[in-house]
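S.K.: Have a look at this one before I ask anything.
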2 protein chains.
Amino acid sequence: MHIVGLMSGTSLDGIDVALLDVQEIEGHLSTKLIDFKTVPFQTGIINEIRKSLRIDQSDSQLICSLNFKLGVLFAESVKMICSKNGIAASELGVIGSHGQTIFHQPEQVDSFAASTLQIGEPAVIAYETGATVVSNFRTMDMAAGGQGAPLVPFTELLLYRDSHKNRLLQNIGGIGNVTVLPKNATLDHVFAFDTGPGNMIIDDLMQRLFSRDYDDGGDIAAHGHVNEDLLAYCMDNSFITAPIPKSTGRELFGTEYTDKLLTTYGHLAPADLVATLTMFTAKTIVSNYEQFVFPKLAIDEIIISGGGSYNKTLLRYLAELLKGHCEVLTQEDIGYSSDAKEAVAFGLLAYETLHGRPSNVPAATGARDHVILGNVTYPPLKYKEEGTTHA
Amino acid sequence: MHIVGLMSGTSLDGIDVALLDVQEIEGHLSTKLIDFKTVPFQTGIINEIRKSLRIDQSDSQLICSLNFKLGVLFAESVKMICSKNGIAASELGVIGSHGQTIFHQPEQVDSFAASTLQIGEPAVIAYETGATVVSNFRTMDMAAGGQGAPLVPFTELLLYRDSHKNRLLQNIGGIGNVTVLPKNATLDHVFAFDTGPGNMIIDDLMQRLFSRDYDDGGDIAAHGHVNEDLLAYCMDNSFITAPIPKSTGRELFGTEYTDKLLTTYGHLAPADLVATLTMFTAKTIVSNYEQFVFPKLAIDEIIISGGGSYNKTLLRYLAELLKGHCEVLTQEDIGYSSDAKEAVAFGLLAYETLHGRPSNVPAATGARDHVILGNVTYPPLKYKEEGTTHA
């Protein structure tokens with residue numbers, strides 16, 4: 001069965017679309033990544049997403065409209081990758097669409113309920129492609145008392161479990177998150193949590209100070225020096241020591257965070273600011289390992305994925321901080337695609353939901369139950385009828 | 001099969017919950033209303049909904065949080081009506097939840113896409129009740145180029161078709177909408193559209209001028225006089241003469257509308273304002289019939305449903321305006337429950353979706369295709385396992 005996974009992360013670099021071939025033989029899933037693309041967002045849409053992410057700039061009309069616009073863009077990405085590979089989108093077994101996170105609040109804050117909101121209307125995707133869509137994966141885990149994140153551990157177990165090595169899978173997107181994968185693990189042995197900021201603050205600084213989207217290759221950070229004062233200020237953050245499972249997002253490390261940081265430390269050299277915040281990301285990751293992983297498990301390998309895996313300075317900082325503990329590798333080092341990882345995950349989670357199977361990992365999210373993630377949206381019957389005619 | 005329908009309308013008077021018994025014999029649906037309740041909203045939630053309805057007061061955090069809070073309240077309503085009738089909620093065949101409309105914009109406006117947004121998280125309802133939920137009915141019709149409303153015509157045909165009479169089913173909730181049901185009609189003969197304001201402006205005036213939620217029985221309007229000047233000002237509204245199919249909501253006739261109206265006409269006696277806006281609702285309804293119904297079809301009966309059917313002054317205005325054309329009846333006059341009508345409809349629409357059947361009426365919404373409405377969200381497997389154990 002051909003399936004498609006769609007991911008559009010907090011880093012706003014575009015729509016990740018993965019085309020997979022999935023075969024299920026005697027309950028064992030075998031998957032092959034046929035193709036992967038990142039379709040960049042146009043500036044207009046990026047601005048609308050940025051507005052919808054800010055409490056002071058978002059409103060019901062914008063969110064309502066953007067939900068439909070993103071649905072159209074997601075559908076176009078699916079049709080593009082299908083057409084490029086000679087597959088009719090309406091023949092897809094399922095599309096798994098993560099959606100764009102507009103708000104994620106894993107715990108109650110004042111009068112606001114623990115809740116999460118992803119947009120990118122599945123009805124539009126199903127109507128435009130002719131395929132069944134599974135979307136809104138995070139809400140059911142939160143309904144079951146979980147943090148709604150991370151959801152990749154299920155597919156990470158499927159794809160990365162090793163019979164000899166204890167592995168950490170560290171994703172560095174807008175946010176950093178890690179999955180702990182002991183050798184020969186089953187679902188009950190896997191745990192995962194958000195480590196804190198990924199590229200989010202670095203990207204925000206690059207846009208404000210250098211008018212670039214991100215620190216390409218970590219070059220700017222490589223030319224700066226870490227300011228210990230600022231680093232100490234950043235590390236004084238209760239999320240870093242909060243117990244696991246835990247998850248975070250733009251609510252803690254978004255533009256309001258950078259605003260505040262620049263108020264006090266805006267006088268530092270721009271490259272020093274980028275270097276320090278790059279070290280901050282590395283230190284939040286390692287500090288979390290030291291508190292919540294290393295005491296339990298001797299780790300053999302850390303495999304880095306996400307945009308952060310292309311930041312050589314960040315990788316160097318991580319390797320320095322982890323020297324003597326374990327090896328730091330990237331997805332590409334072990335023959336996978338770092339970029340495709342999350343899109344692949346949501347394609348496979350959709351496949352599980354379509355088959356009525358639960359796919360959250362309670363030890364990763366804190367949920368009370370294994371639950372079936374997401375909603376199923378059906379395409380119009382006309383595609384089926386066409387299919388019948390052609391058959 | 002027992003099913004539940006949930007509706008929470010623009011009038012914000014609470015959660016309508018209908019418990020139905022549905023039997024399908026040779027493709028023919030037979031339905032029985034077992035019980036119906038309106039669970040009033042608490043003031044705190046009404047205030048949050050009101051904020052989320054206003055462009056200038058809504059934001060991503062509020063909408064994200066309210067989506068989950070409403071999910072909890074919807075689930076509690078389902079459990080309440082099930083428990084009262086000795087039925088386990090987890091044994092329900094399906095729950096159809098309309099959700100609370102936060103924004104509905106059937107046509108593109110400036111840079112905002114045609115779109116609609118209902119909230120009341122289905123994952124929370126499914127998790128808390130243990131039943132499968134169908135929700136977000138309007139988005140697929142809009143994805144197919146329709147207005148996303150009205151969606152009741154499908155079930156109206158099922159329940160109200162007569163072999164001898166041409167009927168109009170006029171609902172007067174926050175918004176007014178009519179379904180045209182010729183005798184012996186099939187889906188292809190049914191059409192429907194929003195007529196304009198229902199009780200929305202009247203309720204808003206009652207709250208501002210009399211500190212009451214609505215004009216109980218139409219008593220206030222009965223003591224006022226219609227101001228022809230204000231009535232002419234109101235009738236000068238392009239929605240009234242806009243071609244069908246058409247739909248509207250708080251965007252046109254919400255608090256911003258009342259704000260504007262009171263700026264110019266705030267000096268009138270409060271009862272006169274209420275009387276005039278009651279007549280405005282009646283006239284928008286009749287004006288739409290004169291333009292879009294009477295030229296095509298001789299109508300025998302008009303059956304009024306919704307909160308407006310309890311406003312005697314509104315009924316009297318309608319009867320006066322329609323004198324010589326047709327009889328004005330209420331749902332109760334023909335042995336149905338006016339209050340339950342929409343909740344029943346969304347229960348039955350959920351039943352259709354669960355069976356993979358389309359249930360929009362393109363002639364009513366303007367959609368290009370018959371489409372399967374809504375998303376399906378599954379409950380945790382633990383309920384099934386319990387069910388198996390008990391069996």
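The values are calculated or read from the model by the stated rules, or taken from the named source; none is laboratory data. Here the structure is a predicted model, which is why all the values come from computation and not from measurement. Here the Cβ positions follow ideal geometry from the backbone for every residue, glycine too, while neighbour counts run over all protein chains shown. To get the accessible areas, we keep the full protein, side chains included, count just its heavy atoms, and leave off ligands, DNA and RNA. Shrake-Rupley method; radii C 1.70, N 1.55, O 1.52, S 1.80 Å.
S.K.: Quick one: would you say B:Thr195 is open to solvent by less than 20 Å² (accessible area, probe 1.4 Å) and out of contact with any Ser or Thr (no Cβ under 7 Å at 6 or more places or on another chain)?
M.R.: Working: open to solvent by less than 20 Å² (accessible area, probe 1.4 Å): yes; out of contact with any Ser or Thr (no Cβ under 7 Å at 6 or more places or on another chain): no.
Criteria not met by B:Thr195.
S.K.: Among the residues of the stretch A:331-347, is any open to solvent by 40 Å² or more (accessible area, probe 1.4 Å), modelled with pLDDT of 95 or more and at negative phi?
M.R.: No, there is no match, as no residue in the stretch A:331-347 is open to solvent by 40 Å² or more (accessible area, probe 1.4 Å), modelled with pLDDT of 95 or more and at negative phi.
S.K.: State whether the residues of the stretch B:37-59 include one that is among the aromatic types (Phe, Trp, Tyr), touching a Leu at 6+ places or on another chain (Cβ under 9 Å), facing chain A (nearest Cβ under 7 Å) and over 24 Å from B:Pro380 (Cα atoms).
M.R.: Scanning the stretch B:37-59, I find no residue that is among the aromatic types (Phe, Trp, Tyr), touching a Leu at 6+ places or on another chain (Cβ under 9 Å), facing chain A (nearest Cβ under 7 Å) and over 24 Å from B:Pro380 (Cα atoms), so the answer is no.
S.K.: Same structure, new question: Please determine, by comparing only the residues of the stretch A:60-83 that are in contact (Cβ under 8 Å) with a residue 60 or more places away in the chain and over 17 Å from B:Met142 (Cβ atoms), which one is farthest from the other protein chains (Cβ to nearest Cβ). Walk me through how you get there before you give the answer.
M.R.: Of all residues in the stretch A:60-83, those in contact (Cβ under 8 Å) with a residue 60 or more places away in the chain come to A:70, A:74, A:77-78, A:80-82.
Going one step further and asking which of them are over 17 Å from B:Met142 (Cβ atoms), we end up with A:77-78, A:80-82.
On the way: A:Ser77: 16, A:Val78: 14, A:Met80: 19, A:Ile81: 20, A:Cys82: 18 Å.
So the residue we want is A:Ile81.
S.K.: Further question on the same structure: Given the criterion over 16 Å from the mean Cα position of the chain (by Cα) and either within 14 Å of chain B (Cβ to nearest Cβ) or under 24 Å from A:Asp35 (Cα atoms) (or both), identify the matching residue among A:Thr313, A:Thr365, A:Thr377.
M.R.: Residue meeting the stated conditions: A:Thr377.
S.K.: Within the stretch B:117-127, work out how many residues are in contact (Cβ under 8 Å) with a residue 24 or more places away in the chain and more than 7 Å from chain A (Cβ to nearest Cβ).
M.R.: 4
S.K.: Check whether at least one residue in the stretch B:286-301 is open to solvent by 10 Å² or more (accessible area, probe 1.4 Å) and in contact with a Pro (Cβ under 7 Å, 6 or more places away or on another chain), and report yes or no.
M.R.: Within the stretch B:286-301 (the criterion being open to solvent by 10 Å² or more (accessible area, probe 1.4 Å) and in contact with a Pro (Cβ under 7 Å, 6 or more places away or on another chain)), the answer is yes, since at least one residue qualifies.
S.K.: OK, next. Which condition from (1) over 20 Å from B:Arg161 (Cβ atoms); (2) at pLDDT 95 or above is the one that B:Arg250 breaks?
M.R.: (2)
S.K.: While we're here: Give me the residue from the stretch A:89-102 that is within 14 Å of another protein chain (Cβ to nearest Cβ) and open to solvent by less than 10 Å² (accessible area, probe 1.4 Å) and, out of that set, modelled with the lowest pLDDT.
M.R.: First pass over the stretch A:89-102, keeping only residues within 14 Å of another protein chain (Cβ to nearest Cβ): A:90, A:94-97, A:99-102.
Then drop every residue that is not open to solvent by less than 10 Å² (accessible area, probe 1.4 Å), which leaves A:94-97, A:99-100, A:102.
Values: A:Val94: 98, A:Ile95: 98, A:Gly96: 98, A:Ser97: 98, A:Gly99: 98, A:Gln100: 98, A:Ile102: 95.
Checking each candidate, the answer is A:Ile102.
S.K.: Consider B:Leu354 carefully, then state whether it is in the same structural domain as B:Ser11 (by TED's automatic domain parsing) and open to solvent by 40 Å² or more (accessible area, probe 1.4 Å).
M.R.: So B:Leu354 passes the test.
S.K.: While we're looking at this one, here's another question. Quick one: B:Asp13 ticks every box in (1) at pLDDT 95 or above; (2) among the charged types (D, E, K, R); (3) within 16 Å of the chain's Cα centre (by Cα); (4) buried (at least 19 other Cβ atoms within 10 Å of the Cβ) except a single one, so which number is it?
M.R.: Result: B:Asp13 fails condition (1) only.
S.K.: B:Val361 versus (1) modelled with pLDDT of 95 or more; (2) buried (at least 17 other Cβ atoms within 10 Å of the Cβ); (3) on the phi < 0 side of the Ramachandran plot: which is the lone unmet condition?
M.R.: (1)
S.K.: Something else now. For residues in the stretch B:171-187 being aliphatic (A, V, I, L, M) and surrounded by fewer than 24 Cβ atoms within 10 Å (Cβ to Cβ), which is farthest from the chain's Cα centre (by Cα)? Reasoning before the result, please.
M.R.: Quick first cut of the stretch B:171-187, residues aliphatic (A, V, I, L, M) only: B:172, B:175, B:178, B:180-181, B:185, B:187.
Filter again for surrounded by fewer than 24 Cβ atoms within 10 Å (Cβ to Cβ), leaving B:185, B:187.
On the way: B:Ala185: 22, B:Leu187: 20 Å.
It comes out as B:Ala185.
S.K.: Among the residues of the stretch A:333-351, is there at least one that is of a type outside the set (D, E, K, R) and without any contact (Cβ under 8 Å) to a residue 24 or more places away in the chain? Spell out the reasoning first.
M.R.: The first filter runs over the stretch A:333-351 and keeps only residues of a type outside the set (D, E, K, R), leaving A:334-338, A:340, A:343-351.
Those left that are additionally without any contact (Cβ under 8 Å) to a residue 24 or more places away in the chain: A:335.
Yes - at least one qualifying residue is present in the stretch A:333-351.
S.K.: Still on this model: Determine which member of the set A:Ala185, A:Ala192 is of a type in the set (A, V, I, L, M), in contact (Cβ under 8 Å) with a residue 24 or more places away in the chain, more than 14 Å from every other protein chain (Cβ to nearest Cβ) and farther than 23 Å from A:Asp339 by Cβ.
M.R.: Unique residue meeting the criteria: A:Ala185.
S.K.: Same structure again: Taking B:Gly86, is it surrounded by fewer than 24 Cβ atoms within 10 Å (Cβ to Cβ), touching a His at 6+ places or on another chain (Cβ under 8 Å), more than 14 Å from chain A (Cβ to nearest Cβ) and more than 22 Å from A:Leu62 (Cβ to Cβ)?
M.R.: no
S.K.: What is the one condition in (1) crowded, with 24+ Cβ neighbours inside 10 Å; (2) farther than 18 Å from A:Val371 by Cβ; (3) facing chain A (nearest Cβ under 7 Å) that B:Phe112 does not satisfy?
M.R.: (1)
S.K.: Check B:Thr263 against each of (1) touching a residue at least 24 places away in the same chain (Cβ under 8 Å); (2) farther than 26 Å from B:Gln108 by Cβ; (3) surrounded by fewer than 22 Cβ atoms within 10 Å (Cβ to Cβ); (4) β-branched (Val, Ile, Thr) and name the one condition it does not meet.
M.R.: Exception for B:Thr263: condition (1).
S.K.: If I go through the stretch A:241-270 residue by residue, how many of them are under 15 Å from A:Ile201 (Cα atoms) and of a type in the set (A, V, I, L, M, F, W, C)?
M.R.: The qualifying residues number 4.
S.K.: Exactly one condition in (1) within 23 Å of A:Tyr160 (Cβ to Cβ); (2) modelled with pLDDT under 90; (3) in a helix (DSSP H, G or I) is not met by A:Tyr383; state its number.
M.R.: That leaves (1) as the condition not met.
S.K.: Condition first: charged (D, E, K, R) and at pLDDT 95 or above. Now tell me which residues in the stretch B:204-223 satisfy that.
M.R.: Once the filter is applied, which keeps residues that are charged (D, E, K, R) and at pLDDT 95 or above, the stretch B:204-223 yields B:Asp204, B:Arg208, B:Arg212, B:Asp215, B:Asp216, B:Asp219.
S.K.: Can you tell me which residue is surrounded by the most Cβ atoms within 10 Å (Cβ to Cβ) among those in the stretch B:115-141 that are within 20 Å of B:Asp59 (Cβ to Cβ) and not small (Gly, Ala, Ser)?
M.R.: Applying the filter and picking the extreme gives B:Glu121.
S.K.: Looking at A:Ser77, A:Ser52, A:Ser65 in this structure, which one is open to solvent by less than 30 Å² (accessible area, probe 1.4 Å), more than 20 Å from the chain's Cα centre (by Cα) and either closer than 29 Å to A:His355 by Cα or small (Gly, Ala, Ser) (or both)?
M.R.: Only one candidate qualifies: A:Ser65.
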